[in-house]
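Coordinate-derived values only; no laboratory data. Because the structure is predicted, anything quoted here is derived from the model rather than measured. All Cβ positions, glycine included, derive from the backbone under ideal geometry; neighbour counts span all protein chains shown.
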Amino acid sequence: MKKIGILASYNGSGFETIQKAIIEKKLNAKVVVVITNNTNAGVLEKAESYDIPYFIINDKRYPGQNIDDKIARLLLEFGCDYIFLSGYMKKIESNLLSAFPNKIINTHPALLPSIYGGIGMYGRFVHEAVIKNGEKISGVTIHYVDEVYDEGEIILTKELELTNDETVDSLENRIKELESVAIVEAFEKLLAKS
């Protein structure tokens, strides 16, 4: 059974998607640790409710220390096979990437590669740009993380057509639903290969 570590900054909805798929026996895996950089993150409550160990690691708690080194050591200690970024809002540095080559997975709320990826392109900003540019199609990309935002190798994409009266809110909600499906499918694919 593969072990998954979660990095999250807020509510960790992707973590919840994975956990639900594990409980429903769709994924033969186990979330073994949750790490956040935010003391007020909703993901902490979720981790506690599932009885999963969780840690808060940030510069305020560990001033002058290399945060990514600390995170990498913890993930190695828990024997993680994969790391999933569930709305983790910090850049993953090279020391963490080298500890888990092609094992750190992110989800992006648009089709990559495109102008809707990179610095500043996350959450609602992506949907606002997609609608402003009059796109007819958007979607979700699950990809490996590398040194450049949203440029890692793509694991899978799922797309949807925008409606004529699409709003940022409606697109955000539809993408979130699609993202849940994509996350589970991506892990099914990864787990089948390993």
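Key figures for this structure:
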quantity	calculated
Members of region 119-145 that are in contact with a His (Cβ under 9 Å, 6 or more places away or on another chain) and under 12 Å from LEU171 (Cβ atoms)	VAL126, SER138, VAL140
Flag if GLY14 is in contact (Cβ under 8 Å) with a residue 24 or more places away in the chain and out of contact with any Leu (no Cβ under 6 Å at 6 or more places or on another chain)	yes
Checking ASN37 against (1) under 15 Å from the mean Cα position of the chain (by Cα); (2) closer than 18 Å to TYR144 by Cβ, the condition it does not meet	(2)
